[in-house]
1. Within the range 214-229, track down each residue that is touching a helix residue (DSSP H, G or I) at 6+ places or on another chain (Cβ under 6 Å) and open to solvent by 20 Å² or more (accessible area, probe 1.4 Å).
2. Across the range 230-247, what is the total count of residues that are part of a loop (DSSP other than H, G, I, E, B) and either crowded, with 17+ Cβ neighbours inside 10 Å or not charged (D, E, K, R) (or both)?
3. Taking the condition of being closer than 24 Å to Pro178 by Cβ and touching a strand residue (DSSP E or B) at 6+ places or on another chain (Cβ under 9 Å), how many residues in the range 210-247 meet it?
4. I need a count of the residues in the range 181-208 that are among the hydroxyl-bearing types (Ser, Thr, Tyr) and surrounded by 15 or more Cβ atoms within 10 Å (Cβ to Cβ).
5. Could you run through the range 233-247 and say how many residues are out of contact with any Phe, Trp or Tyr (no Cβ under 6 Å at 6 or more places or on another chain) and closer than 12 Å to Asp5 by Cβ?
6. Might you check whether a residue that is polar (S, T, N, Q), under 30 Å from Arg197 (Cβ atoms) and open to solvent by less than 30 Å² (accessible area, probe 1.4 Å) occurs anywhere in the range 34-42?
7. Out of curiosity, is Leu211 open to solvent by less than 10 Å² (accessible area, probe 1.4 Å), at pLDDT 95 or above and within 21 Å of Arg244 (Cβ to Cβ)?
8. Counting only residues that are over 10 Å from Ala225 (Cβ atoms), touching a residue at least 40 places away in the same chain (Cβ under 8 Å) and not β-branched (Val, Ile, Thr), which one in the range 1-18 is most open to solvent (accessible area, probe 1.4 Å)?
Amino acid sequence: MAAIDLNSDLGEGAGADRQVMPFITSANIACGAHAGDERSMRETIKLTIAHHVAAGAHPGYRDPASFGRVALAIPRDELTADLVLQIGTLRAIARSEGTDLVHVKAHGALYNTAQHDDGVAASIAGAVRRAAPDLVLFVFPASAAERAARAAGLRVAREGFIDRAYEADGTLRSRSEPDALITDPAAAAAQALSFVREGGVWARDGAFLELPVDTLCVHGDTPGAPAILRAVRAALVSAGVAVRRTA
């Protein structure tokens, strides 16, 4: 039986965390840089425990004004140190609640830049290796981030997005474009099934992109995220796909 993990970026103040949590198997929790604080981290950790969802750190650029969606020029050692701090902060909170983290996923511009920037990718991999080498790192397939993670000896989970449109070069369509988000539950479910059944996704120009993945994401701040995830999970189960966490 085919299997896939469903993840969502939470603890960011979008207001839908409680509605999203029943449909996912992994939660990426904002660590206080692009969003979140100790209260939100603790509350989200408690939600993961209640719903038996894997908790993960979701570190980003320390830039709440832009929600971490603008790439920043930061020296590699400074970026690594900040990411170590973010991961460590959330892990300490998780352990104080009687659980632990399972994975790490970079946020926003940090994640996107690490697709092609070897330095940023190495900073992320280096931070995970220093802070929590036992955790799984979520990466864009065949990216600089995946190469850096494997070189660092980390376990990886390749990620696909079911609420975002893809360009022909395999990148996500910019959020500045009106059709970047997929908010129709049926369309998102079809994209999820394409990843699982066909091993990839159809780009906006009609080209098929071969992108093998281990986990699929719906962002917690996507309009209608709970309804999207409900439809996606139902479609996967109906197709005989097991929905389960990566580790």
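The values are calculated or read from the model by the stated rules, or taken from the named source; none is laboratory data. Quick caveat: nothing in here was measured; it's all calculated off a predicted structure. Quick reminder, even Gly has a Cβ in these numbers, built from the backbone with ideal geometry, and neighbours come from all protein chains shown. Surface areas here come from the heavy atoms of the whole protein model, side chains and all, with no ligands, DNA or RNA. Shrake-Rupley method; radii C 1.70, N 1.55, O 1.52, S 1.80 Å.
1. Residues satisfying the conditions are Pro226, Ala227.
2. 6
3. Count: 12.
4. So the count comes out to 1.
5. The number of residues fulfilling the criteria is 8.
6. Among the residues of the range 34-42, not one is polar (S, T, N, Q), under 30 Å from Arg197 (Cβ atoms) and open to solvent by less than 30 Å² (accessible area, probe 1.4 Å), which makes the answer no.
7. Against the criterion (open to solvent by less than 10 Å² (accessible area, probe 1.4 Å), at pLDDT 95 or above and within 21 Å of Arg244 (Cβ to Cβ)), Leu211 does not qualify.
8. Across the range 1-18, the extreme among qualifying residues is Met1.
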